[in-house]
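A.B. asks: Sharing a structure below in structure tokens format, with a few things to ask.
The values are calculated or read from the model by the stated rules, or taken from the named source; none is laboratory data. In this text the structure is predicted, and so the values were computed from the model without any measurement. Glycine gets a Cβ as well: all are built from the backbone with ideal geometry, and neighbour counts include every protein chain shown. Surface areas here come from the heavy atoms of the whole protein model, side chains and all, with no ligands, DNA or RNA. Shrake-Rupley method; radii C 1.70, N 1.55, O 1.52, S 1.80 Å.
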Amino acid sequence: MTLAPPTAGNGIAVALGLVGLALLGGCGEAPSQPSASETPWEELSVPALDEPAEILIDRWGVPHIYARSIDDVFRAQGFNAARDRLWQLDLWKRRGEGRLAEVFGGEYVEQDRAARLFLYRGSMQREWLAYASDTKRIATAFSEGINAYIELTELRPELLPPEFEALDYRPQRWSPDAVARIRSHGLLRNARQEVTRGLFLEKFGPEALAVRDHYEPAHELQTQAGVDPGLIREEWLDTYRLATRGVTFSKGDQLARMPSPGDEVSISEGSNNWSIAGTRTASGRPLLANDPHRTLAVPSLRYIVHLSAPGLHVIGAGEPALPGVSIGHNDGIAFGLTVFSIDQEDLYVYRTREGAGLEYRYGDGWERMTEVKELIDVRGADPHTVELRFTRHGPVIFEDPANGVAVALRAAWLEPGMAPYLGSIEYMRARTWDGFLAAMNRWGLPGENQVYADVAGNIGWKPGGLAPIRPNWDGLLPVPGDGRYEWDDFYDMDQLPVEANPERGWVATANQMNLPAGYPHQMGFEWAPPHRFDRIAEVLAAEQRVTLSRALELQTDTMSLPARRAAKRLRGLEAGSEEQAAALEMLRDWTGDLAAESAPAALFEVWQRRHLPRALWREELRRHALGEEAIGELIRVGSPGVLRLLDHGGPAAASDTALLSSLGEAWREVGELLGAPAAWRWGSLHHSLLEHPLGSILDALGVDGDVGPLPRGGSSETVGNTSYRSADFRQRSGASFRMILDVGAWDRSLAMNSPGQSGDPRSPHYRDLFEPWARDEAFPLLFSRPEVERETVRRLRLLAE
């Protein structure tokens, strides 16, 4: 029995053409597989289903799910997500709900307590009404599917991923409320920055802070609204960080962490997306590209899935613990996102009442914190009672009764309708630009730039997210919680900017400050540097007929505009030593391309990450007649601050001295790292290595969970973002998932998801995409049933009972 997919409507798919095939590279050269007609059906009993469903798995590990109802397609999605990612799903759920200690022991009690502080605790009736009208039903079906697979593993324990055997525990059941209540998996901002800024202000003063910070739009920090900087402590963030980080395991004599979706991401790491009108493409159809940049890990943060049922035909990526897709297309429209830097958090600092620590000053009186006591089950020990406290603003994350201080976090993401990415349930089914805009009215977390394209030829950009209205302060520092600084509701989504079918023929975002000139509303002041967007704009402005292959080249582009400008700046300098002369000679005619095989790229990156920052910050502090004590803190600002100074530094003579002396130091270090200059390659330093957090524990079971290493080009300043740790040049974030959509000719679309679709190290799809990903290749994101059948290598029939 074969289930027919819905009619594609205007989105008529065409066979993958020569351009698409040429892009496959290593993926296209995979060993031959049996055709779909030769691949036998595997039948599995899934009692949760109303009617049978099918899953066709293509050679790249993408599941194409066909069902006869909306309920069943989401049950099948949940079942399939568990089939490929069960340990990841279970770990994320336990971390988000605060239930790690019950399987891992007492050392996780504090993390459980922290996580429980940040669960959504409001009305579930209001919560479900904040999304698409059938979101609760969909989340219920999705949870039923996960539970059906868990039940299957109880009958067939060999289906459990090896991590459960290694750690000796079993997965727990899901409920729809878990999908909505876990909020600490989102990308959050800016509580961390408030504390860091306040500490710097206290240590070094407002003049040094003005050197450190760069606000967009141009803004003068409102220090008068903040609390006394002398009160601020780094430990204010301990509970917050514990609540949002991944799960740490002992790995030999080291600690390794399984990232969570809410792990802290540098503002420079960002994402890219763009949409190009048919008037600017070779095919005459719109083209939409997206490559979100997040922490790289095994398994990948994203998961690609294709869902087909009456009234729904959508493909793309999302987080495996959520129903639907947030990045992809249906048969009429395409959509892709990057972070839009709304400030959705504020730290409130209270004076607490002596002798009554649960009371805090508010207005002319005292209010009492709400206290909730919960039991945390602990493996191998008695349950542990924890106390959770809340003020009118939110969870209390720090208390110092001896000094009469408490701190709470107010977060837009604790409001109804703010489960990360769950708002995509509505927009993934939109059919038109107007329908998409209407769906974006329900978008909450994280703040996102959405780009759009449809089969009618329209393109557009629309940011979304719940943005607090702060009538009398800027949100950049902690403020007193006594009632003087309160949010005055939230901006309506119609007050956020929008752009449709611009004359230039394209829209693009890369986390840069993209509020229109004169925009009257305060969204936030901390954005990624503009280098990636500027490079995208440079290429798109020059290309009159963009092809799929050119879009892939741009998506993985390693041209660094800061490097190009730096090379130009160096051309007029005169060396004062042999090392400086050799370095200038290598960089003088360099284009700024950070290709993995490039020797100048290795020199430039070592220079600008390890040597130039100290020289430039020292110079900048002297220029402002400030002491040098802040240099260590300024270096931690990272490359954005250094690149600003490189572009707009002090007097030319002093800058020349700083450039040359640090360049000579870098030349010597690269020689120590890589030997003779003829052997220098950026990829010999810069690499991707994905280490499974259980490492040696899996090794003892004969399971290899690590992937890599492989050389990488680029940096955090290139469109092909490969942000790395300066200590060892290991890539830490970037685009594990990428897509390029040929709007209307959907089968020509391209995708990538490294290291593979599966989270089970025993699966052939655990690491099969890592090498082609590292080579910047892509595979076809197939949509029509005939093309899917052509590349199917495994067929699952899910039988209802």
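A.B. asks: In whole Å, what are the extents of the stretch 618-717 along the principal axes defined by its C-alpha atoms, from largest to smallest?
C.D. replies: Sorted largest first, the three principal extents are 61, 34, 22 Å.
A.B. asks: Using the Cα atoms as the points, what is the convex hull volume per residue of the stretch 325-365 in Å³?
C.D. replies: Once divided by residue count, the hull of the stretch 325-365 is 151 Å³.
A.B. asks: For the stretch 38-92 and the stretch 749-785, write down the distance between their C-alpha centroids in whole Å.
C.D. replies: Between the Cα centres of the stretch 38-92 and the stretch 749-785 lies a distance of 18 Å.
A.B. asks: Moving on to the next point. In nm, give the distance between the simple-model label positions of Arg156 and Arg126, each being 7 Å from the Cα along the Cα-to-Cβ direction.
C.D. replies: It is 4.5 nm.
A.B. asks: So, R0 is 41 Å and r is the distance between the beta-carbons of Ala218 and Ala356; what FRET efficiency does that work out to, to 0.05?
C.D. replies: 0.35
A.B. asks: Give, as a single signed number, the net charge of other residues whose beta carbon lies under 11 Å from the beta carbon of Ala132, with Lys and Arg counted +1 and Asp and Glu -1.
C.D. replies: Result for the local shell: +2.
A.B. asks: From the convex hull of the Cα coordinates of the stretch 370-474, what is the mean projected area in square nanometres?
C.D. replies: 11.6
A.B. asks: Enumerate the whole-percent occupancy of each 10 Å bin, from 0 to the last occupied one, for all C-alpha pair distances of the stretch 294-355.
C.D. replies: 17, 33, 22, 13, 10, 6, 1
A.B. asks: Further, regarding this structure: In square angstrom, what is the accessible area per residue of the chain with a 1.4 angstrom probe?
C.D. replies: Result: 36 Å² per residue.
A.B. asks: So, one more: Students sometimes get this wrong: rank Thr547, Thr370 by accessible area, probe 1.4 Å, all chains present, largest first.
C.D. replies: Thr370, Thr547
A.B. asks: Bin all alpha-carbon pair distances of the stretch 719-791 at 5 Å intervals from 0 and give each bin's fraction as a whole percent.
C.D. replies: Computed distribution, short to long bins: 3, 15, 18, 20, 20, 12, 6, 3, 2, 0.
A.B. asks: Run through the DSSP bridge list for the chain and note the antiparallel percent, rounded to the nearest 5.
C.D. replies: Restricted to the chain, the bridges split so that about 90 percent are antiparallel.
A.B. asks: In addition: Which order do the peptides 740-747, 304-311 come out in when sorted by mean C-beta neighbours inside 10 angstrom, highest first?
C.D. replies: Per-residue Cβ counts within 10 Å, averaged per peptide and sorted highest first, yield 740-747, 304-311.
A.B. asks: Restricting to Cα pairs below 8 Å that are 6+ residues apart, what does the relative contact order work out to for the stretch 38-122? Please round to a whole percent.
C.D. replies: Once normalised by length, the contact order is 16 percent.
A.B. asks: Gain in length, Glu202 to Glu553, computed as 0.36 nm per residue apart minus the alpha-carbon separation, to one decimal in nm?
C.D. replies: Gain on stretching Glu202 to Glu553: 121.8 nm.
A.B. asks: Within the chain, which whole H helices from DSSP have a Cα span along their axis of at least 27 Å and a mean Kyte-Doolittle hydropathy of -0.5 or more, if any?
C.D. replies: Membrane-span-like by this rule: 135-155, 652-674.
A.B. asks: Ok, one more. Relative contact order of the stretch 740-801, please, whole-number percent, based on alpha carbon pairs below 8 angstrom and at least 6 residues apart.
C.D. replies: 32
A.B. asks: I need the Debye-formula profile for the stretch 298-411: one equal scatterer per C-alpha, no solvent, reported as log10 I(q)/I(0) at q = 0.12, 0.20, 0.21, 0.23 1/Å, two decimals.
C.D. replies: Normalising to I(0) and taking log10 leaves -0.73, -1.00, -1.06, -1.18.
A.B. asks: Sequence gap of 8 or more, or different chains, plus Cα separation below 27 Å: how many lysine pairs satisfy both in the chain?
C.D. replies: For the chain, qualifying lysine pairs total 4.
A.B. asks: Please compute, for the alpha-carbon atoms of the stretch 66-129, the extent along each of the three principal axes and give them in descending order in Å.
C.D. replies: Principal-axis extents of the stretch 66-129 (Cα, largest first): 46, 32, 12 Å.
A.B. asks: Which residues does a label at Arg368 reach in the stretch 334-362, if reach means a backbone N under 11 Å from a point 7 Å past the Cα toward the Cβ?
C.D. replies: Correct set: 358-359.
A.B. asks: A follow-up question, please. What's the FRET efficiency of Arg668 with Asp400 using the Cβ-Cβ distance as r and R₀ = 45 Å, to the nearest 0.05?
C.D. replies: Once the sixth-power term is evaluated, E becomes 0.40.
A.B. asks: Rounded to whole Å and sorted largest first, list the principal axis extents of the Cα atoms in the stretch 469-531.
C.D. replies: Over the stretch 469-531, Cα extents along the principal axes are 50, 27, 16 Å.
A.B. asks: So, one more: Would you calculate the volume per residue, in Å³, of the smallest convex hull containing every Cα atom of the stretch 428-565?
C.D. replies: Each residue corresponds to 157 Å³ of Cα convex hull volume.
A.B. asks: How long are the semi-axes of the equivalent ellipsoid of the stretch 122-208, defined as square roots of 5 times the Cα gyration tensor eigenvalues? Whole Å, largest first.
C.D. replies: Values for the stretch 122-208, descending: 41, 24, 8 Å.
A.B. asks: What Kirkwood hydrodynamic radius do you get for the chain when you take the inverse of the mean 1/r over all pairs of distinct Cα atoms, in Å?
C.D. replies: Evaluated on the chain, it is 27.5 Å.
A.B. asks: Please state the relative contact order of the stretch 357-481 as a whole percent: Cα pairs under 8 Å, 6+ residues apart?
C.D. replies: Normalised by residue count, the contact order of the stretch 357-481 is 14 percent.
A.B. asks: So how far, in whole Å, is the C-alpha centre of the stretch 475-507 from the one of the stretch 705-739?
C.D. replies: 32
A.B. asks: Something else: Kindly rank 716-727, 695-706 from highest to lowest mean number of other beta carbons found within 10 Å of each residue.
C.D. replies: Descending mean neighbour count gives 716-727, 695-706.
A.B. asks: Within a Cβ distance under 12 Å of Val546, other residues only, what is the Lys/Arg minus Asp/Glu net charge?
C.D. replies: Cβ neighbours under 12 Å give a net charge of +1.
A.B. asks: If we sort 567-577, 144-154, 372-382, 350-360 on the protection proxy, mean other Cβ atoms within 10 Å, highest first, what's the order?
C.D. replies: Per-residue Cβ counts within 10 Å, averaged per peptide and sorted highest first, yield 144-154, 350-360, 567-577, 372-382.
A.B. asks: R0 = 56 Å: FRET efficiency of Glu165 with Glu628, Cβ-based, nearest 0.05?
C.D. replies: It comes to 0.55.
A.B. asks: Okay, moving on. I need the fraction of alpha carbon pairs in the stretch 540-642 separated by more than 22 Å, rounded to a whole percent.
C.D. replies: 46
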